[in-house]
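Heads up, the thing below is written out as structure tokens.
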């Protein structure tokens with residue numbers, strides 16, 4: 001992992017820990033004072049953001065370790081494991097919120113929303129959306145699944161807080177609004193957990209090469225070694241920001257072995273320079289018509 005990517009991951013993680021811890025304290029205070037299960041649930045949702053940011057930092061630290069005898073491709077997939085841990089924590093939080101919200105409706109308990117609570121959650125919407133945008137930007141810049149996951153975690157909290165603000169305004173007219181909003185927040189959290197886990201698990205199990213990447217690899221091949229024909233059977237393997245590519249290419253069967261080696265080496269070097277990928281090229285003879 002590049003040093004700049006690691007620093008950006010650490011910056012996002014530390015900022016998230018500080019801000020979310022402060023927001024949790026404010027939210028749990030006003031949520032308890034208002035007897036609001038939705039506000040209290042969202043407070044713990046915010047605290048879970050702190051925990052996931054700790055996981056992000058750990059993931060960046062571990063995945064930046066160099067390759068060793070047991071891990072010849074490095075430790076980049078540690079970040080994907082960290083992402084699944086984030087999703088699991090998020091799912092646990094969502095299920096707990098769902099249980100509390102249903103219980104709130106069963107006992108017909110209403111909340112007493114205060115003006116201070118409205119202000120705290122309105123401010124939280126702005127702050128968490130800002131964190132979400134920073135984290136998603138950093139995730140795209142560093143190609144980091146865990147930062148993208150953390151960003152959507154922040155955004156789900158911002159949306160949940162916005163829903164609560166709207167519900168608090170209606171709370172004086174509808175006794176059941178707090179419990180229903182709690183269920184809505186829980187569903188949002190659980191959906192975010194599913195999406196995060198699904199994306200990370202796809203990368204861990206192996207992903208299909210995208211059409212855009214396939215076209216790019218074929219273009220590079222035609223420019224670097226035009227003698228290589230019919231580039232096919234392209235597979236990619238991601239290890240954090242380290243990419244491994246395997247592909248098959250056909251070559252005139254009369255080409256001697258030294259020329260074939262030179263052609264494949266030239267393609268491998270070009271792909272390393274443009275895609276930062278280590279490539280293995282399997283040479284096949286051109287099929288006769």
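The values are calculated or read from the model by the stated rules, or taken from the named source; none is laboratory data. Everything numeric here is computed off the predicted structure, so don't read it as measured data. Glycine also receives a Cβ, built like all others from the backbone with ideal geometry; neighbour counts cover every protein chain displayed.
Restricting to the range 17-38, count the residues that are in contact with a helix residue (DSSP H, G or I) (Cβ under 7 Å, 6 or more places away or on another chain) and modelled with pLDDT of 80 or more.
Number of matching residues: 12.
Identify the residue in the range 218-235 that is in contact with a helix residue (DSSP H, G or I) (Cβ under 7 Å, 6 or more places away or on another chain) and not in a strand (DSSP E or B) and, among all such residues, is nearest to residue 142 (Cα to Cα).
220
Output the residues belonging to the range 133-151 that are under 21 Å from residue 121 (Cβ atoms) and surrounded by 22 or more Cβ atoms within 10 Å (Cβ to Cβ). Let's see the steps before the verdict.
If we filter the range 133-151 for residues that are under 21 Å from residue 121 (Cβ atoms), which is where we start, we get 133-135, 150-151.
Result: 135, 150, 151.
Go through the range 132-154 and give me each residue that's part of a helix (DSSP H, G or I) and farther than 14 Å from residue 50 by Cα.
If the condition is that a residue be part of a helix (DSSP H, G or I) and farther than 14 Å from residue 50 by Cα, then 133, 134, 136, 137, 138, 139, 140, 141, 142, 145, 148 are the ones that fit.
Only one of 266, 250, 272, 238 is in contact with a helix residue (DSSP H, G or I) (Cβ under 9 Å, 6 or more places away or on another chain), modelled with pLDDT of 85 or more and surrounded by 14 or more Cβ atoms within 10 Å (Cβ to Cβ). Can you tell me which?
Working: 250 fails: in contact with a helix residue (DSSP H, G or I) (Cβ under 9 Å, 6 or more places away or on another chain); 272 fails: in contact with a helix residue (DSSP H, G or I) (Cβ under 9 Å, 6 or more places away or on another chain); 238 fails: modelled with pLDDT of 85 or more.
When all the criteria are applied, what remains is 266.
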